[in-house]
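Okay, structure first, notes after.
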Amino acid sequence: MSAMPTVSLDSSVALLPGVGPKRRVALEEAGLFSLRDLLLYLPFRYLDASEITPIAHLQPLQTATIHAKVVKHFPVRSHGRKSIILTTIEDETGQMTISFFNQSYVMKNLAVGERYAFTGQARLYKNRLSLSNPAYEALNRETNIHTGRIIPVYAQTQSLSMRWVRQLLYQALFSAELRLPEYLPEKLLVSEGLMSRDSALKYVHFPEDMKQAKLARRRLAFDELWELFKTLREQDEARRQEKAAASVSVNNIEQDILEFESLLPFKLSETQKDACRQIGLDLSQTFPTRHIVQGEVGSGKTLVAAFGLLRLAKHGYQVLYLAPTTILARQHWQTLQPIAEKLGLNCSLWTSQAKGDPSAEIIVGTHALLQGKVDFKPALVVSDEEHRFGVEQREYFLKLKPQPHLISMTATPIPRTLATILFTNQSTSFLDLIPGKEKLTNTRVFSVKKLKDHFAWLNQQVTTSDQQVFLIAPFIHPSETEGFADIFDAHSLFELAKQNLPDARIALLTGEDSESEKSDTLEKMHRGELDVLVATPVIEVGIDLPNASIITITSAERFGLAQLHQLRGRVGRQGQASWCFLVPSPGIGKVERLKKLEVLNNGRELAELDLQTRGVGEFLGTRQSGWDTLEIASWFDLPLLKQVQRLSDQVFSSIWR
């Protein structure tokens with residue numbers, strides 16, 4: 001092997017021997033530009049080929065490693081003009097034939113009379129066991145890379161072979177001797193049971209056993225979370241150096257809460273009062289604060305936000321309330337306007353269709369507030385379902401000087417244990433449902449075989465009453481991916497609904513629609529001009545249609561329990577009797593998980609259950625909720641999250657004390 005040039009983690013992959021212009025392009029197309037990128041290109045699984053199996057002991061479909069001598073090669077050509085090399089190998093227990101397709105070079109690579117290691121899956125061919133396109137390497141090597149060990153399996157592209165990637169990684173790790181600088185002291189590594197970064201990088205790619213691979217991946221996941229927590233800490237510290245747009249004393253907070261309560265036709269719940277106290281404390285800070293209010297539909301999040309808005313507005317500051325849709329903006333304005341009026345404050349509605357009063361103390365609107373020519377200077381911004389707004393829209397307020405306080409509200413049920421870790425750099429309030437206002441939606445799971453009968457029942461409901469219906473599918477279009485053909489999609493469900501609901505007015509809503517198209521469809525639904533809305537989970541949050549009382553979710557097994565609960569929350573919002581039907585895809589036998597929704601109506605309980613029992617990516621539906629930021633670590637590894645948080649608290653608190 002040729003001598004390695006001097007390299008660092010930031011060096012180009014092109015510096016590695018064997019990486020010419022074509023292979024460099026192939027690596028860069030896979031997102032591998034630097035040696036750091038290459039080393040963090042982790043295997044997605046491992047193949048245990050560490051045990052050597054004699055030929056006579058092979059079993060059909062067994063993945064095995066064989067140490068054998070090459071006896072002879074026999075080249076043949078198939079009818080499809082593919083070249084096939086049939087190679088006979090033997091060990092002390094017998095002979096077998098292995099085949100190589102379109103790899104005529106193996107006759108040069110595998111010398112007759114020499115011994116090699118072969119790894120592959122044994123399959124029956126004409127009643128004889130054979131290996132097809134096995135990995136192979138000479139037995140006189142000091143270290144095996146492709147056979148006879150725990151073999152890393154990487155994502156493979158058309159222009160990147162897994163064997164070459166594996167060879168390149170071995171070269172980078174053991175010839176270039178690249179090192180990741182360690183930031184934790186040796187004593188801490190031992191006490192916390194953490195592998196060193198150097199060892200982790202080597203063993204995640206070339207472990208000696210699966211325990212070693214697991215520990216290596218855990219250390220790299222630790223590093224990823226450490227960087228995340230470090231960034232959050234740095235952002236928090238930088239924010240504490242900024243000047244807030246407003247600061248109001250918290251001395252009379254209890255009296256202020258009583259005065260606010262006197263403006264309402266009912267008493268505040270204890271969790272609402274606690275949230276008001278925390279928001280009052282935040283708004284007294286001289287630096288811009290961040291607060292998250294989490295609570296289900298009916299828990300009174302809007303009123304808690306109103307307390308913060310009014311608290312600053314009555315001291316002469318302008319405040320904004322951002323809603324994700326025009327319908328919600330109007331509904332929130334209708335809630336806030338009469339309360340503001342009692343205090344002599346102007347509360348204005350601002351949407352793309354109707355611009356309000358730019359001088360009003362309180363402005364409720366959509367993202368249209370950020371797109372006009374008016375230069376707002378708010379002291380407080382409240383955003384409803386914040387993740388529905390883009391990064392650029394949020395950064396709009398972060399660039400303001402002085403910065404406003406921000407309150408984000410969400411009905412997404414995040415387990416408290418997880419939320420307190422994720423939102424470590426902001427205060428958080430959890431609202432319980434107001435006693436007497438619990439909304440119980442009747443939930444039933446049934447087989448796809450009963451879908452035709454269900455449509456007949458739906459047709460009767462929409463033609464004999466003013467009830468509105470949601471029909472939900474996880475995909476927009478039919479999937480051509482193997483194993484996903486039976487998953488429902490919105491377009492096919494729309495056609496099915498038109499065939500089976502002849503008397504209903506039906507519309508389709510998906511993520512492919514423009515914002516104006518979505519708004520128009522929802523406005524028609526809100527005005528009662530539609531009976532049935534077929535949609536993807538785009539309706540999961542930010543949709544408030546009072547007459548919607550039935551939701552049928554197809555391929556329900558594709559969703560996490562918490563996400564299904566979110567979708568269920570779209571119906572019965574006026575307290576009317578409501579139904580949620582869950583229909584698994586064809587061939588899904590086990591529905592015990594879905595049946596939990598028949599008996600559980602508490603979103604946080606369901607989220608905790610998701611956290612304990614979920615499959616990868618199931619919790620919340622990570623794509624919809626912006627939780628797809630981690631590449632190695634998992635949001636669901638609570639022990640690791642808590643470990644990183646605890647250690648980062650110790651280290652960073654001493655730095656910024």
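The values are calculated or read from the model by the stated rules, or taken from the named source; none is laboratory data. Just so it is clear, the structure is predicted and the values come from calculations on it, not from any experiment. Neighbour counts are summed over all protein chains in view; Cβ atoms, including those assigned to glycine, are modelled from backbone coordinates with ideal geometry. To get the accessible areas, we keep the full protein, side chains included, count just its heavy atoms, and leave off ligands, DNA and RNA. Shrake-Rupley method; radii C 1.70, N 1.55, O 1.52, S 1.80 Å.
Some notes on this structure:
- In this structure the amide hydrogen of L431, modeled in the peptide plane, comes within under 5 Å of the amide hydrogens of Q294, G295, none closer than 5 places in sequence on its chain.
- With R₀ set to 56 Å, the beta-carbon distance separating E270 from Q156 gives a calculated FRET efficiency near 0.50.
- Loop-located chymotrypsin sites (Phe, Trp or Tyr not before Pro) in the range 85-170 whose Cβ has at most 13 other Cβ within 10 Å (DSSP): Y105
- Remark: the D503-S104 segment gains 137.1 nm on full extension, using 0.36 nm per residue and subtracting the alpha carbon distance.
- Subtracting the Cα-Cα distance of E515 and S132 from their residue separation scaled by 0.36 nm leaves 132.7 nm.
- Scattering profile of the chain at q = 0.08 Å⁻¹ [log10 I(q)/I(0), Debye over alpha-carbon scatterers]: -0.79
- Neighbour-limited loop hits for trypsin sites (Lys or Arg not before Pro), the range 480-563 (at most 15 other Cβ within 10 Å; DSSP other than H, G, I, E, B): R505, R527
- Loop-located chymotrypsin sites (Phe, Trp or Tyr not before Pro) in the range 460-493 (DSSP state not H, G, I, E or B) with no more than 16 neighbouring Cβ atoms inside 10 Å: F484.
- Summarising the strand pairing of the chain, around 40 percent of its internal DSSP beta bridges are antiparallel.
- Applied to the range 258-266, the Karplus parametrisation 6.51 cos²θ - 1.76 cosθ + 1.60 on θ = phi - 60° returns per-residue 3J(HN,Hα) values of 5, 5, 5, 4, 5, 7, 9, x, 8 Hz, with x for Gly and Pro.
- Placing a pseudo-label 7 Å from each Cα along the Cα-to-Cβ vector at V112 and R646 gives an inter-label distance of 6.5 nm.
- Taking the alpha carbon gyration tensor of the range 441-546, multiplying each eigenvalue by 5 and rooting it gives semi-axes of 21, 19, 12 Å, largest first.
- 21 Å tail of the calculated P(r), the range 11-161, as % of Cα pairs: 53 percent
- Positive-end residue, the range 27-143 charge dipole about Cα centroid, Cβ charges, pick of Y46, L27, A135: A135
- Solvent-free Debye scattering, log10 I(q)/I(0), computed from the Cα coordinates of the range 111-212 at q = 0.11, 0.12, 0.22, 0.23 Å⁻¹: -0.49, -0.57, -1.27, -1.32
- In the chain, taking the dipole from charged Cβ atoms about the Cα centre, the farthest positive-side position among L194, W164, S11 is held by W164.
- Placing a label point 7 Å from the Cα of E92 along the Cα-to-Cβ direction, the residues of the range 54-69 with a backbone N closer than 20 Å are 54-59, 64-69.
- Calculated FRET value between L258 and T286, using beta carbons and R₀ = 25 Å, to 0.05: 0.45
- Excluding ligands, DNA and RNA, the accessible surface per residue across the chain is 48 Å² with a 1.4 Å probe.
- The range 286-310 and the range 64-105 have their alpha-carbon centroids 70 Å apart.
- A crude spin-label estimate for the pair A456 and V25, with each label 7 Å from Cα along the Cβ direction, gives 6.2 nm.
- Selection from Y317, Q212, Q563, by position along the positive dipole direction of the chain (Cβ): Q212
- Shape of the range 27-86 from the C-alpha gyration tensor: oblate (a/c of 1.5 or more and a/b not above b/c, with a ≥ b ≥ c the square roots of its eigenvalues).
- Per-pair calculated FRET efficiency, R0 = 25 Å: Q353 and H315 via Cβ, rounded to 0.05: 0.20
- Separation in nanometres of the label points that stand 7 Å from Cα toward Cβ, at E51 and V71: 2.6 nm
- Carbon-plus-sulfur accessible fraction, the chain (probe radius 1.4 Å, protein heavy atoms only): 50%.
- Lys, Arg +1 and Asp, Glu -1 on Cβ, resulting dipole of the chain about Cα centre, debye, nearest 20: 1360 debye
- Separation of alpha-carbon centers, the range 227-276 and the range 449-484, rounded to whole Å: 43 Å
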